[in-house]
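Worksheet: the structure to be examined is printed underneath.
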Amino acid sequence: MYFAENNGTKIFWTEQGAGEPLLLIAGLGAPHRAWWRIAPKLAEKYRVITFDNRGAGETEFPADELFTLPLMASDAKAVLNAAKTKSAHILGMSMGGMIAQEFALNYPELTRSLMLAVTACGGKHSIPAKPEVYFTLQGGGSSTPEEAFWAMAPFIYDKHTPREMLEEDINSREGEFTKPENFMRQMHAIISWQGSFERLNQINAPTLVLHGKNDQLIPCANSKILADAIPNAKLIELENSSHIFTTDQTEKSAEAILNFIRLKS
């Protein structure tokens with residue numbers, strides 16, 4: 001258990017495995033434990049570093065602070081500094097993929113390779129989810145975190161994924177959920193983001209775009225927008241997979257990530 005520091009904010013991070021560093025950036029409201037299925041598989045080959053974004057898990061932050069994605073990208077940089085690594089492979093999921101785009105654009109010298117999973121470029125060039133998805137995401141009709149989880153499940157898990165696996169995911173939180181006010185701070189960071197589309201051609205790191213074909217939270221069509229705009233990007237769309245691809249297709253997604261890094265190292 002470690003803490004990095006960025007502008008007075010303590011950022012919780014941890015690691016497992018050995019080898020070239022691989023930094024995992026989690027999505028909206030998710031703590032570092034969100035990677036629990038896939039991180040051990042990646043750690044068989046790499047030094048896997050995970051952390052809690054501000055507003056999630058054990059990361060501290062000023063109570064009145066507004067979050068931005070570039071600020072959260074600088075948190076990721078602080079984690080790498082604390083881990084004493086000069087650069088890393090960067091994998092971001094959902095909101096984490098947006099943070100990863102800002103990271104690669106702002107810190108190209110720290111980016112060995114870039115993997116953008118179930119994410120979008122933001123702004124007017126991205127394809128939004130249907131209104132009912134946003135309504136449910138913001139807690140419409142839900143009074144507890146557990147109710148919110150099950151309400152969102154049809155939009156973020158593939159219909160073929162067994163319910164027992166969803167129960168394992170919710171149990172992995174150990175009863176801890178991001179506070180509503182912190183969830184909304186992260187949501188504000190996404191909504192206020194101007195997007196990356198006009199800058200994507202500046203990304204010079206080898207890039208993999210990975211998406212579940214049945215994702216309803218961030219529609220899969222967003223993956224092609226990213227892959228077409230980033231020079232020489234590789235696109236993989238996972239069958240029988242939605243937004244939480246790490247559960248829907250744990251083995252296939254881990255294999256895709258490991259193969260990509262191996263070829264780009």
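The values are calculated or read from the model by the stated rules, or taken from the named source; none is laboratory data. Computed from a predicted model, the values in this text were never measured in an experiment. Please note: Cβ atoms are built from the backbone with ideal geometry, for glycine as well, and neighbour counts cover all protein chains shown. Side chains are part of the model used for accessible areas, which takes the heavy atoms of the whole protein and leaves out ligands, DNA and RNA. Shrake-Rupley method; radii C 1.70, N 1.55, O 1.52, S 1.80 Å.
Residue check, ILE230 against (1) at pLDDT 95 or above; (2) out of contact with any helix residue (DSSP H, G or I) (no Cβ under 7 Å at 6 or more places or on another chain); (3) of a type outside the set (D, E, K, R), all met but one. Which one?
If we test ILE230 against (1) at pLDDT 95 or above; (2) out of contact with any helix residue (DSSP H, G or I) (no Cβ under 7 Å at 6 or more places or on another chain); (3) of a type outside the set (D, E, K, R), just (2) comes out false.
So ALA205 ticks every box in (1) assigned to a loop (DSSP other than H, G, I, E, B); (2) under 17 Å from the mean Cα position of the chain (by Cα); (3) hydrophobic (A, V, I, L, M, F, W, C) but one. Which box is left unticked?
(2)
For ASN214, indicate whether it is farther than 14 Å from ILE99 by Cα, surrounded by fewer than 16 Cβ atoms within 10 Å (Cβ to Cβ) and either of a type in the set (A, V, I, L, M, F, W, C) or modelled with pLDDT of 95 or more (or both). Full working, then the answer.
Numbers: farther than 14 Å from ILE99 by Cα: yes; surrounded by fewer than 16 Cβ atoms within 10 Å (Cβ to Cβ): no; either of a type in the set (A, V, I, L, M, F, W, C) or modelled with pLDDT of 95 or more (or both): yes.
Spelling it out, it is not the case that ASN214 is farther than 14 Å from ILE99 by Cα, surrounded by fewer than 16 Cβ atoms within 10 Å (Cβ to Cβ) and either of a type in the set (A, V, I, L, M, F, W, C) or modelled with pLDDT of 95 or more (or both).
Name every residue in region 239-248 that is more than 12 Å from ALA30 (Cβ to Cβ) and either open to solvent by less than 10 Å² (accessible area, probe 1.4 Å) or part of a loop (DSSP other than H, G, I, E, B) (or both), in order of residue number. Explain how you work it out, then say what you get.
Filtering region 239-248 for residues more than 12 Å from ALA30 (Cβ to Cβ) gives 239-242, 245, 247-248.
Listed by number, the residues that qualify are GLU239, ASN240, SER241, SER242, PHE245, THR247.
For the condition open to solvent by 70 Å² or more (accessible area, probe 1.4 Å) and touching a helix residue (DSSP H, G or I) at 6+ places or on another chain (Cβ under 7 Å), what is the one hit in GLN138, GLN194?
The unique qualifying residue is GLN194.
Is it the case that region 208-217 has a residue that's more than 18 Å from the chain's Cα centre (by Cα) and over 16 Å from GLY122 (Cβ atoms)? If you could, list the steps in order and put the result at the bottom.
Step one: of region 208-217, the residues more than 18 Å from the chain's Cα centre (by Cα) are none.
No, region 208-217 has no match at all.
Could you list, in sequence order, all residues of region 219-232 that are open to solvent by 20 Å² or more (accessible area, probe 1.4 Å) and within 17 Å of the chain's Cα centre (by Cα)? Write out each step before concluding.
In the first step, residues of region 219-232 are kept if they are open to solvent by 20 Å² or more (accessible area, probe 1.4 Å); the result is 219, 221, 224-225, 228-229, 231-232.
The answer is PRO219, and nothing else.
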